[in-house]
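The values are calculated or read from the model by the stated rules, or taken from the named source; none is laboratory data. Quick caveat: nothing in here was measured; it's all calculated off a predicted structure. Because the Cβ atoms are built from the backbone with ideal geometry, glycine has one as well, and the counts that use them run over all protein chains shown. Accessible surface is based on the protein model in full, side chains and every heavy atom, while ligands, DNA and RNA are left aside. Shrake-Rupley method; radii C 1.70, N 1.55, O 1.52, S 1.80 Å.
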Amino acid sequence: MVKAITPLLRDFLQKESAGGIVLIFAAALALAVANSPLAANYIALLDVPVVFAIDSFVIDKPLLLWINDGLMAVFFFLVGLEVKREVLEGQLSSWSKASLPLVAALGGMALPALVFIGLNLGTPDNIQGWAIPAATDIAFALGILSLLGPRVPVALKALLLAIAVIDDIGAIAIIALFYSGEIDTGMLAAAAMVFIAMLALGRAKVASTIPYVLLAILMWAFVLKSGVHATLAGVAAALTIPLDRSSDHGPLERMEHALHPWVAFLVIPVFGFANAGVTLVGLEPSALLDPLPLGIALGLLIGKQLGIFGFAWLAVKMKLASLPNDVNWRQIHALSLLAAIGFTMSLFIGNLAFTTADQIDAVKLGVLAGSTVAALTGYFLLKSALPALNPAKEHHA
């Protein structure tokens, strides 16, 4: 599948891996603060109102929603850039490259949702959370992979990355179709006009990134006011950025390279800190057995394993895809557990699906429990499935 790692992919993996470790600390800090005497200050900080107004155009949201709707739009913009590059010239650019991660990712989205629905059929108020366990947190997963160093085959890292990219495409579609509010057609039309202008810039191969950035911010504001979830503006804007196949210095490549450290070390950790804080004081272990957190935790742990590993195995046996070189089924099984770390995207979708504090806390509990068990189990399974590192290779690494 991948015989040599490209500089661009190596750069991506290094930033995502390190960012995943920072995210782990941010989530742990949020849990510590939310269960300390500073809990009231933590909640008050996230509730601070932030207002932006130009004449009658007003955006008035608490800080938490500026993080979830604004900062996360930057994250989705980067996701859109990665998706476009992977489709045009990366791991999704041909059927031979894309077949295995595509089938595995589809299984990894469908089965977690079915597990969740099965456990929540008796509680209709929870059903709208069906997409929560379908997501994969690539930063967290690569952060765990990085702990195993150069023992991890490049092909396995690339496969996890490709599955996560397809997973992100599915999450974007789910958010657009199922988690948008009432539509203001006037604002949506204004956003469409900005999108067309960005397409024209892209078709004209405008090299400067400044016009794209300014128009992307404008489109985000219009989409936010339209009722469609604002983060989708980030994806739409990214798809207009031109890719220069003749060099690594086109607008898409430059924007992707510039944004990676900001997203990995600021946007995602800030989101994690703002959304991972759940009060555990007085919480009984039996709370995990309630349908909502249990559906999320088992959707991640069981659904992802069966979906990714099972669908990948079927695809190879049916000759729809082939196993990458230097990768075996024990490693694929461990990868399916690392892909069950749903942290960032699962929390994000949970905030879209539910509005009550009790439900959101239950979502956090299920995501944290499922993701933690998946991370630990996946790490130890993969560690035992990897070959011993050659001392010469370790020295070279």
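Structure data summary
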{"read-out": "Qualifying residue in segment 375-382 (condition: among the aromatic types (F, W, Y), in contact with a helix residue (DSSP H, G or I) (Cβ under 8 Å, 6 or more places away or on another chain), modelled with pLDDT of 90 or more and over 20 Å from N120 (Cα atoms))", "value": "yes"}
{"read-out": "Every residue from segment 173-189 that is part of a helix (DSSP H, G or I) and among the aliphatic types (A, V, I, L, M)", "value": "A173, I174, I175, A176, L177, M187, L188, A189"}
{"read-out": "Cross-chain or 6+ apart pairs with Cβ under 8 Å, segment 314-337 first and closer than 24 Å to Y379 by Cα, then charged (D, E, K, R)", "value": "N325/K3; S336/K304; L337/K304"}
{"read-out": "Matching option when the condition is farther than 19 Å from T344 by Cβ and in contact with a helix residue (DSSP H, G or I) (Cβ under 6 Å, 6 or more places away or on another chain), among F265, F309, F273", "value": "F309"}
{"read-out": "Qualifying residue in segment 28-49 (condition: in a helix (DSSP H, G or I), open to solvent by less than 20 Å² (accessible area, probe 1.4 Å), out of contact with any strand residue (DSSP E or B) (no Cβ under 8 Å at 6 or more places or on another chain) and at pLDDT below 85)", "value": "no"}
{"read-out": "Search result, residues across segment 86-96 that are open to solvent by 20 Å² or more (accessible area, probe 1.4 Å) and either touching a strand residue (DSSP E or B) at 6+ places or on another chain (Cβ under 8 Å) or under 16 Å from I169 (Cα atoms) (or both)", "value": "V87, L88, Q91, L92, S93"}
{"read-out": "Filter pass, V263 being farther than 30 Å from L119 by Cα and among the β-branched types (V, I, T)", "value": "yes"}
{"read-out": "Boolean, G170 is under 23 Å from T355 (Cα atoms) and part of a loop (DSSP other than H, G, I, E, B)", "value": "no"}
{"read-out": "Number of the condition not met by T356 [criteria: (1) touching a residue at least 40 places away in the same chain (Cβ under 8 Å); (2) farther than 21 Å from L160 by Cα; (3) out of contact with any Pro (no Cβ under 6 Å at 6 or more places or on another chain)]", "value": "(1)"}
{"read-out": "Helices (runs of 4 or more DSSP H) fully within segment 283-397 counting 1 or more residues that are open to solvent by 70 Å² or more (accessible area, probe 1.4 Å) and either among the basic types (K, R) or within 23 Å of A173 (Cβ to Cβ) (or both)", "value": "310-317, 329-338, 357-385, 391-396"}
{"read-out": "Yes/no for G143 being modelled with pLDDT under 85 and at positive phi", "value": "no"}
{"read-out": "Close pairs from segment 137-155: first over 15 Å from I332 (Cα atoms) and open to solvent by 10 Å² or more (accessible area, probe 1.4 Å), partner among the hydrophobic types (A, V, I, L, M, F, W, C) and in a loop (DSSP other than H, G, I, E, B), Cβ under 6 Å, at least 6 apart", "value": "F140/I341; P150/A397"}
{"read-out": "Extreme residue, farthest from the chain's Cα centre (by Cα), among residues of segment 103-130 that are assigned to a helix (DSSP H, G or I), surrounded by fewer than 22 Cβ atoms within 10 Å (Cβ to Cβ) and of a type in the set (A, V, I, L, M, F, W, C)", "value": "L119"}
{"read-out": "Boolean, S226 is under 27 Å from S56 (Cβ atoms), among the small types (G, A, S) and over 21 Å from the mean Cα position of the chain (by Cα)", "value": "yes"}
{"read-out": "Matching residues in segment 200-230 - criterion: being in contact with a strand residue (DSSP E or B) (Cβ under 9 Å, 6 or more places away or on another chain), open to solvent by 20 Å² or more (accessible area, probe 1.4 Å) and of a type in the set (A, V, I, L, M, F, W, C)", "value": "L224"}
{"read-out": "The one condition in (1) open to solvent by less than 60 Å² (accessible area, probe 1.4 Å); (2) free of Cβ contacts under 8 Å to residues at least 60 places away in the same chain; (3) of a type in the set (A, V, I, L, M) that M72 fails to fulfil", "value": "(2)"}
{"read-out": "Close pairs (6 angstrom Cβ cut-off, 6 or more residues apart or separate chains): touching a residue at least 60 places away in the same chain (Cβ under 8 Å) in segment 88-112, among the acidic types (D, E) anywhere", "value": "L92/E86; A105/D167"}
{"read-out": "Residue that is modelled with the highest pLDDT, among those in segment 54-99 that are of a type in the set (F, W, Y) and over 15 Å from the mean Cα position of the chain (by Cα)", "value": "W66"}
